[in-house]
Amino acid sequence: MFELASQWLTYSILGLARGTKLAGAAEFFFYDSFKIITLLFGMIFVIGVLRSYLSLAAVRGWTGGKNPLVSAAGAAVFGAITPFCSCSSVPIFLSFIKAGIPLGTAFSFLITSPLVNEYLVVLMAGVFGLKVAAAYAVTGMLTGMAAGLLIGRLKLDRFLERGFSATGEPGADPVFKNFRARMTFGCKEATAITAKVWLWVLAGVAVGAAIHNYVPQDYIRTVMHAGGIFSVPLAVVLGVPMYGSCAAIMPIGAALFLKGVPLGTTLAFLMAVAGLSLPEAIILRRAIKLPLLAVFFGTVTLGITLCGYLFNAVAVYLM
C-alpha cells in the first residue's frame, strides 16, 4: 500500500521521470514517511492500550528492581528480534520512556534493534558466511547492552524533553471502565506524541532520501581506502549520514568488501548505517536534549569503531 501510494505521488502527481535521482529520492521520502508515521502512531497506540493494564508503579518496580545487566540484556534480545530500522525503532523507544522503563534499558533496545535483526543476519550470512553473521549479531547486542548500561549509569533523565518523560506517580494511574476507554487512552497518547514529532520525521526522512540517492558508492570506497589505519573510524563517520534498510545497505557492504575493503571496516560501515543516522538524530532531537543525544551517538560510535577493529583483527579466523 505504501509503495503504491509513494509511486502514485512521485510519478502521477509530481510527474517525475522514472530512473532519475530526484524521482528516487521523492519515492524514498514518501514511502518512508508513510511507513514511519504509521508505525509511530500504531505502536504507541498498541503499547498505550497494553500499558493501561499496568500501573506505572509496577512497571518502574519491575524494571528498576532488576539487575541493570539483566534489563539491558532483555532489551537487547527484544531489539534483536524486532526488524526495525533506526528511525522505525524510535516509536517503541518513546513508548518505553513514557511507560517508565529506565533510560538505559530503553536505549539498549533503541541501539540493538536496527543493528541486529533476523533479516539482516540472514542477508549477512549469505554474503559473508555464518561465522561472520553470528559474530556480528553477538557484537551488535553487546554494543547495545554496553552503551545502554553506560547511559543508565550517567543518570541523564533530566535531558528528556518536557512531555517525553514518564508520566504519573505511583498510585496516580487513571481508572478505565472498559476496553473502549483503554483504546481511547491509547489513541490520545499516540495522537499527542505523533503531533509532536511528525514534522521532525519528515525532516529526517528528507535528509535520508537525499543522501541515499545522491551519494555515490565509488566515493565511499575511495575514501575508505585512503584512510589507512584510520579507515574504521572513517567508515563509521561516512556511515552515520547514510540511511537505508537492510536490503539497501547489504549490497553496498558486499561491493565494498569485494573491492578490497577489510571485513571490520566494511562491518563498521554497515553498523553505522544501520544503527546511527542523521534522520534518526533529527527525530530523536524532538524527544531528547542535545547533551543526551551527543552521549548516545558518542557511545554507539565508539562501540562500533571498537567492533570494526576487532573484526579486522580476527577476520582470518572468521572467513
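The values are calculated or read from the model by the stated rules, or taken from the named source; none is laboratory data. Worth saying up front: this structure is predicted, and the values here are computed from it rather than measured. Heads up: the accessible areas ignore ligands, DNA and RNA and are worked out on the full protein's heavy atoms, side chains in. Shrake-Rupley method; radii C 1.70, N 1.55, O 1.52, S 1.80 Å.
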Quiz prompt | Alpha-carbon spread of segment 92-145, three principal axes, descending order, Å | solution = 40, 17, 8
Exercise. For Leu4, Leu94, Leu16, give the ranking by accessible area with the largest first, probe 1.4 Å.
Key: Leu4, Leu16, Leu94
Practice problem: May I ask which of Lys155/Lys177; Lys131/Lys155; Lys35/Lys155; Lys98/Lys289; Lys35/Lys98 have a Cα-Cα span longer than 25 Å here? | Solution: Lys155/Lys177; Lys131/Lys155; Lys35/Lys155
Practice problem: Can you tell me how much longer the chain between Ala195 and Leu14 gets when fully stretched, taken as 0.36 nm per residue apart minus their C-alpha distance, in nm with one decimal? | Solution: 62.5 nm
Exercise. Would you mind getting the Kirkwood hydrodynamic radius of segment 270-319 from its Cα pairs, rounded to one decimal in Å?
Key: 12.2
